[in-house]
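These notes concern the structure reproduced below.
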Amino acid sequence: MKQSFLTNRIFWLNFSFWALFFSYKFYDFTVFMSPKVAFVRIALPMFFHIILSYTHYFFILPDLLRHKNVSEYFKKLLPTLAVVMFISVLAENEILAQYSKSGYYDSFGWVRFVSTLWDHMSFMIFTGMIKFAVDWFELQNKKQQLENEKLNAELNYLKAQINPHFLFNTLHNLNYLTQAKKDEATNVVIKLSNIMRYMIYDSNKSTVPLSAEIDYMRDYLDLEKIRLNNEFAITFDTDDVDDKIEIAPLILIPFLENSFKHGVSDKCPESWVHLKISSSRNRISMLLQNSICKKINERIDHSGFGLKNVKKRLQLSYPHQHTLNINETEDRYSVELVLNLDK
């Protein structure tokens, strides 16, 4: 469809050029001669201009653009130009001579040679420039499409890494909960079902309602509360959230998961997490702070896979539209994320 649309636009661009050229020349010539004579004197040379221009446009110039072989280009161009000029001069001598009393069309000297060559070359170069412009725009469009496909592929790859990462953690929690807290197993299965539905279906979308991401985070928190016997303080403030706003899926949860990985443990009963999410029509803000549990930090992997992953996703999903500040002290970890959606 796009190719057909582009072809139609190119056709009408070329057609408009020749129509405007003919109209202007016809108006100019009819001041000094009859419409019939003006038509013949314009249409005949123009016919050969068109023949040369589009022979060059479709059959000669594309080879130069593809193979970059200048010598082969001129080997094709010069004979074509010579043949068209020769035939056009013969036609003008035969037809236009009867409309001219100056004797201009009775012979072929250097002045007429240069004039004829200049006319043919001018139109050939102009239509060639259209070809260059069209090919350049097509090339830029293809580059943009390839870049978009590359970014989408990379983004999908990062999402594919995130899903198993969270699923593994959740299944691990489920295994513990179903054994140690059988009376809460049903609630755990429901929460896990909500999480898996979001991961499998919604995460494949480019955007989801912010409320869906928040519901996912609440289910995650509920599972962690059950696993940890609620032995930590948590606040989750979403009072200033616009439910209609859209966000890339699974873009906030890695930070929350990271806070439990490093800061919350049943071995540290003083653990705490404070999370606040707010939004407006064109802005989303998240402030996440948590304690740091030294007992779990001594034995966990500090590769930071989850954070590296989400930072890359932020660069792909919100290029030049996000601000991420991460600060860590001896006893506190803080994440401040701002997404600007109006750029």
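The values are calculated or read from the model by the stated rules, or taken from the named source; none is laboratory data. Predicted model only: the values in this text are computed from it and were never measured. FYI the Cβ positions are ideal-geometry reconstructions off the backbone, even for glycines, and counts take in every protein chain you see.
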Item to check | All positions within the stretch 226-249 that are in contact with a Phe, Trp or Tyr (Cβ under 8 Å, 6 or more places away or on another chain) and under 19 Å from residue 289 (Cα atoms) | outcome: 232, 233, 234
Next on the checklist: Checking the structure you have, find out if any residue of the stretch 19-31 is surrounded by 15 or more Cβ atoms within 10 Å (Cβ to Cβ) and closer than 21 Å to residue 84 by Cα.
Outcome noted: yes
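Which members of the stretch 314-339 meet the condition of being touching a residue at least 60 places away in the same chain (Cβ under 8 Å) and either touching a Pro at 6+ places or on another chain (Cβ under 6 Å) or in a strand (DSSP E or B) (or both)? Working first, answer last.
In the first step, residues of the stretch 314-339 are kept if they are touching a residue at least 60 places away in the same chain (Cβ under 8 Å); the result is 314, 316-318, 333, 335, 337, 339.
Of everything in the stretch 314-339, those that are touching a residue at least 60 places away in the same chain (Cβ under 8 Å) and either touching a Pro at 6+ places or on another chain (Cβ under 6 Å) or in a strand (DSSP E or B) (or both) turn out to be 333, 335, 337, 339.
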Item to check | Number of the condition not met by residue 242 [criteria: (1) part of a loop (DSSP other than H, G, I, E, B); (2) without any contact (Cβ under 8 Å) to a residue 12 or more places away in the chain] | outcome: (2)
Checklist entry - What number of residues within the stretch 100-136 satisfy the criterion of being in contact with a Ser or Thr (Cβ under 9 Å, 6 or more places away or on another chain), farther than 25 Å from residue 19 by Cβ and part of a helix (DSSP H, G or I)? => result 1
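Are any of the residues in the stretch 253-269 in a loop (DSSP other than H, G, I, E, B), touching an Asp or Glu at 6+ places or on another chain (Cβ under 9 Å), more than 24 Å from residue 318 (Cβ to Cβ) and of a type outside the set (Asp, Glu)? Talk me through it step by step, then tell me what you get.
Start the filter on the stretch 253-269 by keeping residues that are in a loop (DSSP other than H, G, I, E, B), which leaves 264, 266-267, 269.
This time we only want the ones that are touching an Asp or Glu at 6+ places or on another chain (Cβ under 9 Å), so: 264, 266, 269.
Next, from what is left, pick out any that are more than 24 Å from residue 318 (Cβ to Cβ): 264, 266, 269.
Next cut, of a type outside the set (Asp, Glu) only: 264, 269.
Looking for residues that are in a loop (DSSP other than H, G, I, E, B), touching an Asp or Glu at 6+ places or on another chain (Cβ under 9 Å), more than 24 Å from residue 318 (Cβ to Cβ) and of a type outside the set (Asp, Glu), one finds at least one in the stretch 253-269, hence yes.
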Checklist outcome for this item: Taking the stretch 261-280 and keeping residues at pLDDT below 90, under 27 Å from residue 340 (Cα atoms) and surrounded by 15 or more Cβ atoms within 10 Å (Cβ to Cβ) leaves none
